[in-house]
Amino acid sequence: MADIDGRARERADRRDRAVRAAVEQGLLGPDAAVAGLLDVTGIRESAAALRAAFDAVTAPGTPVLHAFAVKATPLVPVVRLLHEAGIGAEVASPGELALARAAGVPPARTVLDSPAKTPAELREALALGVAVNADNPQELERLDALVCSAPARSPLGLRVNPQIGAGSIGATSTATRTSKFGVALRDEGAREWVVRAYAERPWLTRLHAHTGSQGIPLPLLARGVAEVYALAEEINTAVGRRQVDTIDIGGGLPVDVTSEAAEPTHDAYARVLAGRVPGLFDGRYGLVTEFGRSLLARHGTVVTRVEYAKSAGGRRIAVTHAGAQVAARTVYAPGTWPLRIAAYDAGGRPKTGPEVVQDVAGPACFSGDLLAEGRALPRLEQGDYAAALDTGAYGFAHHYAYNSLARPGVYGYVPDGAGGMAFAVVREPQTLAEVVAESGGAHASALTTLRAPGSR
């Protein structure tokens, strides 16, 4: 625990130094009122810790692929950084596959999961040699036709839903009775169909399940893995050979958003799995993981300038430039997706002093656009900065363009060796010209010139 606390302190110290350096270097200020910051050192440490955690419980020589869930932070430089740290890519759309390819992730270290793959997506994946997990019987029929027309280089598997129940967040629980993902394993006749599907398809060699993310406790995650392991054993016994050679356990390790400590850790999860499903790690099965939030969340921060400080009904309100466009989940479901907020002064230094109950509001034109409501923080004044912590995953993933708000710039940082911070551009701030272009600017006259035949 002492080591974990030490790493947490170091991470917080790097973040504080990065905020100050971003202000001093002009990445944040009156003309750059919101920015995303990514801790490159922390990301590298997180990737190394994940690999070490599973290496510690896995038999030597076991093929293990840790595939980053690109949906969590769909930024090409991030995916490249993780690739160079030994992490592959799990993608769930043509766009995410394109990002992984642009980052240089080899097809052999890429996994395609999606509940709605088109024939074109499947053909592309098979042509590249990307691993594919089929979601349902109809998709498996599409793979039948493709495999018959040309032998596939791709490892192919089937996603199953163990139907073991939800965690504390229903929207991100994927192993419920009616989840849209995978083959519902406890539905009548489903398990028998799965076994038969493998018996009829020698090329089906993987089995995949993902119980959910954020809000799923470790025992429930482990139970989901135990269910898919038992099914793999049942399939191999039924077909009389070790046909299923790789088990994909998904990701889903939650992040404690109430504390700086990085818990639960990948090491803790790996040890829980080793105790619950020891056969998974004895070398008979290859292993794939698909972590996203637990790799990146701690290492990203959205920092925004306080444009105005006011009060209403006796409540202090810090009006900033970060709200729904960078934290849609928090704004629309604050009880489920709370964010820690840190206060910095106009120079980017951590604020101290008595705490005041206040709202941290965003710029969008609806009253619920709040990063935090009724939060006790050092008094935020005009020109100060508020930082939304733990936003390295999903903070830069789903920009919400309401009010035509521009996407903020994202910058990676590392200590420069002289007490300061060096930055690299990860994503340029979106320009107003780009906002106009995305909104049909090139077709401004398209509707005014459109006429039905014979009309004037």
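Read the figures in this text as sums done on the coordinates, not as results from a lab. Computed from a prediction, not measured in an experiment: that's the story for all the values here. With ideal geometry, Cβ positions are generated from the backbone for all residues, glycine too; neighbour counts draw on all protein chains shown.
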Cα centre as origin, Lys/Arg/Asp/Glu Cβ charges: the range 298-429 dipole, Debye | 140 debye
The chain: angle of helix 218-239 to the longest principal axis, Cα-based, in degrees nearest 10 | 20 degrees
Among Phe366, Phe396, what is the fewest-to-most ranking by other Cβ atoms within 10 Å?
-> Phe366, Phe396
With an 8 Å cut-off on Cα pairs and a minimum separation of 6 or more residues, tell me the relative contact order of the range 40-294 in percent.
-> 21 percent
If a/c stays under 1.5 just call it rounded; otherwise compare a/b with b/c (prolate if a/b is bigger, oblate if not). Do that for the range 1-112, with a ≥ b ≥ c from the square roots of the Cα gyration tensor eigenvalues.
-> oblate
Cα pairs beyond 22 Å in the range 40-294, in percent, come to 52 percent
Highest to lowest packing among 55-67, 111-123, scored as the average C-beta count within 10 Å | 111-123, 55-67
Sorted by chain and then number, the residues having a modelled amide H within less than 5 Å of the amide H of Leu371, at least 5 places away or on another chain, are Val360, Ala361, Gly362
Amide H of Thr391: which non-local residues (sequence gap of 5 or more, or other chain) have their own amide H closer than 5 Å, using H built in the peptide plane?
-> Gly300, Thr301, Val302
Tilt of helix 190-199 relative to the longest C-alpha principal axis of the chain, in degrees (0 to 90, nearest 10)?
-> 60 degrees
Taking K and R as +1 and D and E as -1, what net charge do the other residues with C-beta under 15 Å from the C-beta of Ile235 add up to?
-> +1
Got the relative contact order for the range 298-429 handy, in percent, Cα pairs under 8 Å and 6 or more residues apart?
-> 30 percent
Go through 407-416, 316-325 and give me the packing order, highest mean Cβ count within 10 Å leading.
-> 316-325, 407-416
Considering only the chain, what is the antiparallel percent among its DSSP beta bridges, to the nearest 5?
-> 50 percent
Average Cα contact separation per residue, the chain, under 8 Å, 6 or more apart, as relative contact order % | 18 percent
Could you pull out every residue, at least 5 positions away or on a different chain, whose amide H is within less than 5 Å of the one on Ala184? Hs are placed 1.01 Å off N in the peptide plane, and Pro or chain starts have none.
-> Asn161
With labels modelled as points extended 7 Å from the Cα through the Cβ direction, what inter-label distance (nm, one decimal) is found for Ala199 paired with Arg153?
-> 3.4 nm
Which of Glu188, Glu45, Glu233, Glu141 comes first, and how do the rest follow, when ranked by fewest Cβ neighbours within 10 Å?
-> Glu188, Glu141, Glu233, Glu45
Once phi is turned into ³J(HN,Hα) by the Karplus curve 6.51 cos²θ - 1.76 cosθ + 1.60 with θ = phi - 60°, what whole-Hz value does each residue of the range 35-51 show in order, with x for glycine and proline?
-> 8, x, 10, 10, 8, 5, 4, x, 5, 4, 5, 5, 4, 5, 5, 4, 4
CD proxy at 222 nm, helix term only [per DSSP H run n ≥ 4: -39500 (n - 2.57); per residue of the chain; nearest 500] = -9500 deg cm²/dmol
Quote the charge dipole size of the chain about the Cα centre in Debye, to the nearest 20; the model charges only the Cβ of Lys and Arg (+1) and of Asp and Glu (-1).
-> 400 debye
Compute the signed sum of charges (Lys and Arg +1, Asp and Glu -1) over the other residues within less than 14 Å, Cβ to Cβ, of Gly157.
-> -3
Dipole magnitude (debye, nearest 20) for the range 40-294, charges at Cβ of Lys, Arg, Asp, Glu | 260 debye
When the Karplus curve 6.51 cos²θ - 1.76 cosθ + 1.60 is applied with θ = phi - 60°, which whole-Hz ³J(HN,Hα) does each residue of the range 381-389 get, with x for Gly and Pro?
-> 10, 3, x, 6, 10, 10, 10, 8, 8
